[in-house]
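A.B. asks: Dropping a structure here in structure tokens format, bear with me for questions.
The values are calculated or read from the model by the stated rules, or taken from the named source; none is laboratory data. Just so it is clear, the model here is predicted, and its values are computed rather than measured. Ideal geometry is used to build each Cβ from the backbone, glycine not excepted, and the neighbour counts take in all protein chains shown. SASA here: full protein model, heavy atoms, side chains in, ligands and nucleic acids out. Shrake-Rupley method; radii C 1.70, N 1.55, O 1.52, S 1.80 Å.
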Amino acid sequence: MAEMDKTRAVYGIDLGTTYSCIAQVDKFDQAVVLTNFEGSQTTPSAVYFSSKDNSIVGSEAKGMLATEPQNTVVFIKRSIGIDEAFDKENNTFPYHLDPSEISALILKKLVQDANDLGDNPEPIKDVVITCPAYFGTKERMQTKQAGEIAGLNVLGIINEPTAAAISYGMKTTEKKTVLVYDLGGGTFDVTILNVNNGAIKVIATGGDHHLGGVDWDTELANYMLEKFNEQNGTNYTMDNEELKYTLLLEAETKKKQLSAKDEVRCNVQYDGKSARFEISRALFDELTQTYLDQTIDATHKVIDIAKEKGYNNEMEFLLVGGSSRMPQVKKRLDAEFGCDAKLTDPDQCVAKGAAIYAMNEAYRLAVESYTTGTTETKPKNIRGPKSSVVNVTSKTYGTEVDYDGETKVANLIFANTSLPARHEEEFQTLHDNQSGIVLGIYENDFTSPENDSVVDVQACTLLEEHEMKLTKKWPKGTPVTVVFEISKEGILSVHAHVDKDQIDFKLTITGVKSEEELEQSKNTIGKTRVS
């Protein structure tokens, strides 16, 4: 019996705000998206809880929004990284689940369908999961833990625009500078990369955690509500959740229709009342112009960062994410930047790129295991599309310092630094015989090493505050060495020492689970039936 090619038993998962999908490099060396039970290649990222131990994920769950919004969760990705969302006692999610656990149910559904419908020789285990490029350490760790809670072995986390560039890069042998404009359902990324025959180098990245197609839907839904109230003499508001989701679902449908038509007719029905009216594409564009402007501003900022790094090359614009299908997007980008933006496979290219990356990562790990003697079998040379990625950090990281009597943050690794990255800095103790040192670890969005080396603590996000206990009575001015390291996945680790007083701690970030909490979550989600 021929030995199975382990590099094929890996998968890429696009864990999206509104839709998710899973892909694999098949035996024909093609990256393909796997279908779900409904026959679709994308699955709505919606979870409906029929009971504590039973959930429905996908189209059926999304359909329950209008009738049982209290038992339905959507846009969960927008809660990743928000501390309040991980407070299980007070959060509003059904059955006190947190965003990592609910994300795990979506992953579980994708994998379950792929296992049941595919011809995989073994159950799906090894995956790479995508995330927005501007996700910081906390969000990346929580995304990785979502995969682990779902019972998966997460080989890596890869940025969505980078994955899209990998997929696109397989179709060209030319060396190009590509700007990926990624407008998804709930998040927006813009990333500039060098693409050269499978080799991807990220130059600069930016975006908005809370900007996406759902904002366009919301604006259109608000207009629909206004017309409904106007025609019926009512004063409903979006505080009415059933009406809110009825309108949001209708708005999403009309938005998609307006990508192909100049005008659509609406017939909104609720509580025995109805309203009929028309919406033109021009009106829709006018209602949502503010959001499009925000994406253009973010694009300009990333282009400016690339220019500061010496990249003035002509850029090819690549449109990614389902919301980039809106005609207003290409029209505005082409006019603003004098380009011809390409809309290529916007819904699936992220998952496909992640699958290609997963295959290459599995091969790299196999070679590493053989080289170090962990395994005795030498891996066969990889077949199919090859890729290599040099990424950048999307955030700036620093530590708390005393600066002329004020508490400040000294930034050590800046956003858009190539990964992996390491920075070592020497500080000094403030007093004689200090018993310890408080090490505050911060994340922020400053980008200029020249102007932002020391910044106000109020402008930063605290990841952890750790007290480093000292074993000796050191004099004032004793050197304190702090080392920041960021992995190629964009996850930060910190080390510090005073001479022989060494501290090596794992960041205990709020919302990121301990090993014990992780096991509890695995047990909870493992018992939850998904259909």
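A.B. asks: Any residue in segment 487-496 that is closer than 27 Å to Thr130 by Cβ, open to solvent by 70 Å² or more (accessible area, probe 1.4 Å) and not in a loop (DSSP other than H, G, I, E, B)?
C.D. replies: Going residue by residue through segment 487-496, those that are closer than 27 Å to Thr130 by Cβ are 487-494.
Of the ones still in play, those that are also open to solvent by 70 Å² or more (accessible area, probe 1.4 Å) are 488.
Narrowing the set further to residues that are not in a loop (DSSP other than H, G, I, E, B) leaves none.
Scanning segment 487-496, I find no residue that is closer than 27 Å to Thr130 by Cβ, open to solvent by 70 Å² or more (accessible area, probe 1.4 Å) and not in a loop (DSSP other than H, G, I, E, B), so the answer is no.
A.B. asks: Taking the criterion of being β-branched (Val, Ile, Thr) and modelled with pLDDT of 95 or more, would at least one residue in segment 304-311 satisfy it?
C.D. replies: Pass one, segment 304-311, residues β-branched (Val, Ile, Thr): 305.
Next, from what is left, pick out any that are modelled with pLDDT of 95 or more: none.
Scanning segment 304-311, I find no residue that is β-branched (Val, Ile, Thr) and modelled with pLDDT of 95 or more, so the answer is no.
A.B. asks: If I filter segment 507-521 down to residues being surrounded by 15 or more Cβ atoms within 10 Å (Cβ to Cβ) and not in a helix (DSSP H, G or I), which single residue comes out as modelled with the lowest pLDDT?
C.D. replies: Per the criteria, the residue is Leu507.
A.B. asks: Among the residues of segment 383-398, what is the count of those that are assigned to a loop (DSSP other than H, G, I, E, B) and of a type in the set (A, V, I, L, M, F, W, C)? Give the steps one after another, and end with the answer.
C.D. replies: First, pick out the residues of segment 383-398 that are assigned to a loop (DSSP other than H, G, I, E, B): 383-387, 391, 393-395.
Applying the additional criterion that residues be of a type in the set (A, V, I, L, M, F, W, C) yields none.
The number of residues fulfilling the criteria is 0.
A.B. asks: I'd like the residue in segment 102-121 that is part of a loop (DSSP other than H, G, I, E, B) and touching a residue at least 12 places away in the same chain (Cβ under 8 Å) and, out of all such residues, is surrounded by the fewest Cβ atoms within 10 Å (Cβ to Cβ). Give the steps one after another, and end with the answer.
C.D. replies: Residues of segment 102-121 that are part of a loop (DSSP other than H, G, I, E, B), as a first pass: 118-121.
From what's left, touching a residue at least 12 places away in the same chain (Cβ under 8 Å): 118, 120-121.
On the way: Gly118: 15, Asn120: 16, Pro121: 9.
Checking each candidate, the answer is Pro121.
A.B. asks: Do you know which residues across segment 15-40 are at pLDDT below 95 and in contact with a Phe, Trp or Tyr (Cβ under 6 Å, 6 or more places away or on another chain)?
C.D. replies: Listed by number, the residues that qualify are Thr17, Gln24.
Listed here are the residues, each with its yes/no results for (1) aromatic (Phe, Trp, Tyr); (2) farther than 13 Å from Ser531 by Cα; (3) in contact with a Pro (Cβ under 8 Å, 6 or more places away or on another chain).
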| position | (1), (2), (3) |
| --- | --- |
| Ile76 | no, yes, yes |
| Asn90 | no, yes, no |
| Pro99 | no, yes, no |
| Asp113 | no, no, no |
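Per-residue answers, yes or no, for (1) open to solvent by 20 Å² or more (accessible area, probe 1.4 Å); (2) closer than 23 Å to Leu462 by Cα; (3) of a type in the set (Phe, Trp, Tyr):
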residue	(1), (2), (3)
Ala85	no, yes, no
Ser100	no, yes, no
Pro123	yes, no, no
Ile149	no, no, no
Leu152	no, no, no
Ile158	no, no, no
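A.B. asks: Still on this model: Would you say Glu250 is more than 30 Å from Asp445 (Cα to Cα) and either open to solvent by 40 Å² or more (accessible area, probe 1.4 Å) or outside any helix (DSSP H, G or I) (or both)?
C.D. replies: Details: more than 30 Å from Asp445 (Cα to Cα): yes; either open to solvent by 40 Å² or more (accessible area, probe 1.4 Å) or outside any helix (DSSP H, G or I) (or both): yes.
Against the criterion (more than 30 Å from Asp445 (Cα to Cα) and either open to solvent by 40 Å² or more (accessible area, probe 1.4 Å) or outside any helix (DSSP H, G or I) (or both)), Glu250 qualifies.
A.B. asks: Assuming Asn381 fulfils every condition listed in (1) under 30 Å from Ala251 (Cα atoms); (2) of a type outside the set (Ser, Thr, Tyr); (3) open to solvent by 50 Å² or more (accessible area, probe 1.4 Å); (4) free of Cβ contacts under 8 Å to residues at least 60 places away in the same chain apart from one, which condition is it?
C.D. replies: Exception for Asn381: condition (1).
A.B. asks: Suppose the filter is open to solvent by less than 60 Å² (accessible area, probe 1.4 Å), among the hydrophobic types (A, V, I, L, M, F, W, C) and free of Cβ contacts under 8 Å to residues at least 40 places away in the same chain; does Leu470 pass it?
C.D. replies: Numbers: open to solvent by less than 60 Å² (accessible area, probe 1.4 Å): yes; among the hydrophobic types (A, V, I, L, M, F, W, C): yes; free of Cβ contacts under 8 Å to residues at least 40 places away in the same chain: yes.
Yes, satisfied.
A.B. asks: Only one of these conditions is not met by Val401: (1) part of a helix (DSSP H, G or I); (2) open to solvent by less than 40 Å² (accessible area, probe 1.4 Å). Which number is it?
C.D. replies: With (1) part of a helix (DSSP H, G or I); (2) open to solvent by less than 40 Å² (accessible area, probe 1.4 Å) applied to Val401, the lone miss is (1).
A.B. asks: Consider Leu412 carefully, then state whether it is within 30 Å of Asp456 (Cα to Cα) and touching a His at 6+ places or on another chain (Cβ under 6 Å).
C.D. replies: Values: within 30 Å of Asp456 (Cα to Cα): yes; touching a His at 6+ places or on another chain (Cβ under 6 Å): yes.
Yes; evaluated as a whole, the condition is true for this residue.
A.B. asks: Given the conditions (1) among the polar types (S, T, N, Q); (2) open to solvent by less than 20 Å² (accessible area, probe 1.4 Å); (3) not in a helix (DSSP H, G or I), which single one is not true for Thr162?
C.D. replies: The failed condition is (3).
A.B. asks: Another question, then. Taking segment 253-272, which residues are assigned to a loop (DSSP other than H, G, I, E, B), open to solvent by 60 Å² or more (accessible area, probe 1.4 Å) and at negative phi? Write out each step before concluding.
C.D. replies: At the first step, the residues of segment 253-272 found to be assigned to a loop (DSSP other than H, G, I, E, B) are 258-262, 271-272.
The next check asks that each one be open to solvent by 60 Å² or more (accessible area, probe 1.4 Å); those that pass are 260-262, 271-272.
The answer is Ala260, Lys261, Asp262.
A.B. asks: Does any residue in segment 254-283 that is among the hydroxyl-bearing types (Ser, Thr, Tyr) come within less than 7 Å, Cβ to Cβ, of a residue that is in a strand (DSSP E or B) six or more places away or on a different chain, and which pairs are these?
C.D. replies: So the pair list comes out as Ser274/Asn267; Ser274/Val268; Ser280/Glu263.
A.B. asks: Have a look at Val264, Val302 and point out the one that is under 30 Å from the mean Cα position of the chain (by Cα) and hydrophobic (A, V, I, L, M, F, W, C).
C.D. replies: Values: Val264 fails: under 30 Å from the mean Cα position of the chain (by Cα).
Matching residue, one of Val264, Val302: Val302.
A.B. asks: Could you grab me the full set of residues in segment 346-364 that are out of contact with any strand residue (DSSP E or B) (no Cβ under 6 Å at 6 or more places or on another chain) and either of a type in the set (Phe, Trp, Tyr) or surrounded by fewer than 18 Cβ atoms within 10 Å (Cβ to Cβ) (or both)?
C.D. replies: Tyr363, Arg364
A.B. asks: Which one is most open to solvent (accessible area, probe 1.4 Å) among residues in segment 291-310 that are free of Cβ contacts under 8 Å to residues at least 60 places away in the same chain and either in a helix (DSSP H, G or I) or on the phi < 0 side of the Ramachandran plot (or both)? Walk me through how you get there before you give the answer.
C.D. replies: Residues of segment 291-310 that are free of Cβ contacts under 8 Å to residues at least 60 places away in the same chain, as a first pass: 292-293, 296-297, 300, 304, 307-308, 310.
Retained after the next criterion (residues that are either in a helix (DSSP H, G or I) or on the phi < 0 side of the Ramachandran plot (or both)): 292-293, 296-297, 300, 304, 307-308.
Working: Leu292: 12, Asp293: 46, Ile296: 4, Asp297: 88, His300: 68, Asp304: 79, Lys307: 106, Glu308: 151 Å².
That would be Glu308.
A.B. asks: Something else about it: What about Glu242, is it free of Cβ contacts under 8 Å to residues at least 12 places away in the same chain, part of a helix (DSSP H, G or I), open to solvent by 50 Å² or more (accessible area, probe 1.4 Å) and out of contact with any Cys (no Cβ under 7 Å at 6 or more places or on another chain)?
C.D. replies: Numbers: free of Cβ contacts under 8 Å to residues at least 12 places away in the same chain: no; part of a helix (DSSP H, G or I): yes; open to solvent by 50 Å² or more (accessible area, probe 1.4 Å): yes; out of contact with any Cys (no Cβ under 7 Å at 6 or more places or on another chain): yes.
In short, no.
A.B. asks: Please go through segment 334-352 and give me each residue that is closer than 25 Å to Ile296 by Cβ and assigned to a helix (DSSP H, G or I), ordered by number. Let's see the steps before the verdict.
C.D. replies: Applying the first criterion (closer than 25 Å to Ile296 by Cβ) to segment 334-352 yields 334-347, 349-350.
Scanning segment 334-352 gives Asp334, Ala335, Glu336, Phe337, Cys349, Val350.
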